[in-house]
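**Q** Got a structure for you, written out below as C-alpha cells; questions coming shortly.
The values are calculated or read from the model by the stated rules, or taken from the named source; none is laboratory data. Every value quoted in this text rests on a predicted model; they were computed, and no experiment measured them. Cβ placement follows ideal geometry from the backbone for every residue including glycine, while neighbour counts extend to all protein chains displayed.
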Amino acid sequence: MIDPIKKDATQKMLKAIDALKNAFLKLRTGRAHAGLLDGVVVDYYGSDVPLSQVASVVVEDARTLSITPWEKPMVVAIEKAILKSNLGLTPNAAGQTIRINLPPLTEDRRKDLVKVVKGETEDARISIRNARRDAMQAIKDLLKSKQISENDEKRAETDVQKLTDQHIALAEAAAAAKEKELLTM
C-alpha cells in the first residue's frame, strides 16, 4: 500500500529534476550547443512546429551554430522565429544556411544567468516538496482509514523525507554545476 505512494512520489521528483535539467539546457553559457534552440517554434505553412522539425542545427565551432532548413522558403520563417524567441541571438542568413554567432557573455549577463539558475532550482525544489506533501497526505489518509498502523506511517514518512532530501540534493548539484559552467570564462 505504501510502495505505490513512494514510487509515485519518486517519479514526480525525478520529473522535477528532468525539468530543471531541460531548463538549464536552454540557458546560454557562452558555448554553442544545439539545445539552445530547442524552444524555438517556427511558423511552418500556418502551423507552429519546433525548429528541429524544419531544419538541422549543427555546432560549427565553440561560438557558432549553423542552421540548414530542409526547404528553401523556410529561411525567412526561421530567422523570424529566432528573433522572436527572446534568446538574444541574431541570425545571419547566407544563401540557404543561417549562422548564429554567440557573443561572449559579459560579467553582468553571467550574474543574471546565475540568478535564473537559482530561480529554476527553487522551482524544482517546490515541485519536489509538493510531491512530498502529496505522498504524506496519501499516507495520512491510509492511517485514517486504518489500512496501516502508526508505526508504518512513521516509517513511510521517514522514507518519503529521505527521498525528498536525495532529490533536492540532486537539484542542488545540478545547479552548482550549471553555476560553475556559467561563471568560468
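**Q** Do you know which residues across the stretch 71-87 are in a loop (DSSP other than H, G, I, E, B) and touching a helix residue (DSSP H, G or I) at 6+ places or on another chain (Cβ under 9 Å)?
**A** S85, L87
**Q** Across the stretch 1-46, which residue is farthest from the chain's Cα centre (by Cα) among those that are over 22 Å from R63 (Cα atoms) and polar (S, T, N, Q)?
**A** It comes out as T10.
**Q** Of the residues L113, L105, which is assigned to a loop (DSSP other than H, G, I, E, B) and either within 19 Å of L37 (Cα to Cα) or acidic (D, E) (or both)?
**A** Sole residue among the options that is assigned to a loop (DSSP other than H, G, I, E, B) and either within 19 Å of L37 (Cα to Cα) or acidic (D, E) (or both): L105.
**Q** Being outside any loop (DSSP other than H, G, I, E, B) and either among the small types (G, A, S) or farther than 30 Å from D165 by Cβ (or both): is that true of A32 here?
**A** So A32 does not fit the description; no.
**Q** Still on this structure: Here are N130, N151, N92: which of them is within 30 Å of I5 (Cα to Cα) and more than 19 Å from the chain's Cα centre (by Cα)?
**A** N151
**Q** Filter the stretch 92-122 down to the residues that are more than 17 Å from A55 (Cα to Cα) and of a type in the set (A, V, I, L, M, F, W, C), then identify the one that is modelled with the highest pLDDT.
**A** If we take residues in the stretch 92-122 being more than 17 Å from A55 (Cα to Cα) and of a type in the set (A, V, I, L, M, F, W, C), then V117 is modelled with the highest pLDDT.
**Q** Among the numbered criteria (1) touching a residue at least 12 places away in the same chain (Cβ under 8 Å); (2) of a type in the set (D, E, K, R); (3) out of contact with any Asp or Glu (no Cβ under 7 Å at 6 or more places or on another chain), which one does K6 miss?
**A** Single failed check for K6: (3).
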